[in-house]
């Protein structure tokens with residue numbers, strides 16, 4: 001965008017000089033106006049869905065909270081393109097035991113006397129994948145063994161990432177010190193964001209788990225969403241062709257189609273829940289609560305109209321380059337989802353469990369231990 005603005009400015013200056021005028025240096029306001037016009041002109045034709053168009057200057061300055069939300073939304077939107085990279089998807093396919101996963105999915109999707117409520121193959125594939133990922137692939141990090149004596153460690157703070165850790169997109173590093181005073185070993189725990197690095201470490205907490213699981217869902221061919229919750233949890237959704245809806249899936253808990261898990265099982269008091277995919281962005285908060293008035297009373301970060309405006313902008317940019325028929329199909333899905341959101345979550349009549357991932361102390365501190373915290 002800056003390159004386009006520079007070239008247009010230079011063209012304008014050259015034109016004025018040829019006409020015998022002495023051009024003035026453009027002001028910051030001039031540059032902002034040019035950036036806005038260029039963004040508006042290019043957006044309908046752009047296939048670059050990760051660009052963030054510069055909005056027109058509002059009548060009043062946006063609030064700090066709105067700027068935080070806007071930055072978050074466009075950042076999460078950009079991240080979705082990472083999971084479409086061919087090289088990264090190839091690496092993910094090398095990690096996934098496809099034969100094992102497909103055989104399990106075939107079993108789950110085949111009707112029998114022992115399995116009268118067979119899933120569709122896509123739903124069975126998601127179920128088989130999340131069970132393997134939880135129980136055979138990733139490791140949850142509570143604390144870490146000492147790198148010198150393998151004894152227990154205690155979290156003692158953080159440190160700046162090294163250049164090597166930054167290469168894996170680690171923005172923060174936890175330090176875990178050996179509990180044996182005579183040892184003094186310290187284990188670094190970089191919080192990597194690069195899925196390629198996570199396929200090497202195969203450890204983390206909900207951020208790392210959901211990040212890499214997004215890639216794995218895409219690798220097996222499922223339409224996938226990355227779901228962000230303001231109360232510090234991340235999970236996923238995938239689209240079920242049979243159910244014709246987006247279905248909750250949480251790799252940390254190996255939970256599928258349990259949207260009330262957090263509110264009923266964990267006792268979590270949530271406010272904002274946003275879902276992002278390569279097809280757009282949605283506020284899906286109502287899909288995860290049985291008590292919308294209570295959730296709505298906690299939604300005091302950004303206004304509803306501000307959320308809708310940014311979600312529409314992200315979605316429009318994402319779909320601008322798609323064929324008209326595909327856009328129409330996605331818009332029909334949006335309408336159906338809007339109708340379901342007004343009804344509330346899809347709920348199975350089964351009890352929800354307290355949080356399984358993480359230590360008891362950790363889940364209690366986060367208010368996610370269910371009955372244990374009462």
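Residue count for region 300-344 under the criterion of being surrounded by 15 or more Cβ atoms within 10 Å (Cβ to Cβ) and over 21 Å from the mean Cα position of the chain (by Cα): the result is 5.
Applying the criterion of being surrounded by fewer than 20 Cβ atoms within 10 Å (Cβ to Cβ) and in contact with a strand residue (DSSP E or B) (Cβ under 8 Å, 6 or more places away or on another chain) to the residues of region 234-255, the residue that is farthest from residue 82 (Cα to Cα) is 245.
Within region 211-243, being out of contact with any helix residue (DSSP H, G or I) (no Cβ under 7 Å at 6 or more places or on another chain) and under 18 Å from residue 283 (Cα atoms) holds for 223, 225, 227, 229, 230, 231, 232, 237, 239. Within the option set 278, 284, being surrounded by fewer than 20 Cβ atoms within 10 Å (Cβ to Cβ) and either within 17 Å of the chain's Cα centre (by Cα) or outside the structural domain of residue 213 (by TED's automatic domain parsing) (or both) holds for one residue only, 278.
For residue 201, the criteria (1) within 28 Å of residue 100 (Cα to Cα); (2) crowded, with 19+ Cβ neighbours inside 10 Å hold in every case but one, which is (2).
Okay, residues lined up against (1) out of contact with any helix residue (DSSP H, G or I) (no Cβ under 7 Å at 6 or more places or on another chain); (2) free of Cβ contacts under 8 Å to residues at least 12 places away in the same chain; (3) assigned to a loop (DSSP other than H, G, I, E, B):
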position	(1), (2), (3)
287	no, no, no
290	no, no, yes
299	yes, no, yes
305	yes, yes, no
312	yes, yes, no
325	yes, yes, no
331	yes, yes, no
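The values are calculated or read from the model by the stated rules, or taken from the named source; none is laboratory data. In this text the structure is predicted, and so the values were computed from the model without any measurement. Ideal geometry is used to build each Cβ from the backbone, glycine not excepted, and the neighbour counts take in all protein chains shown.
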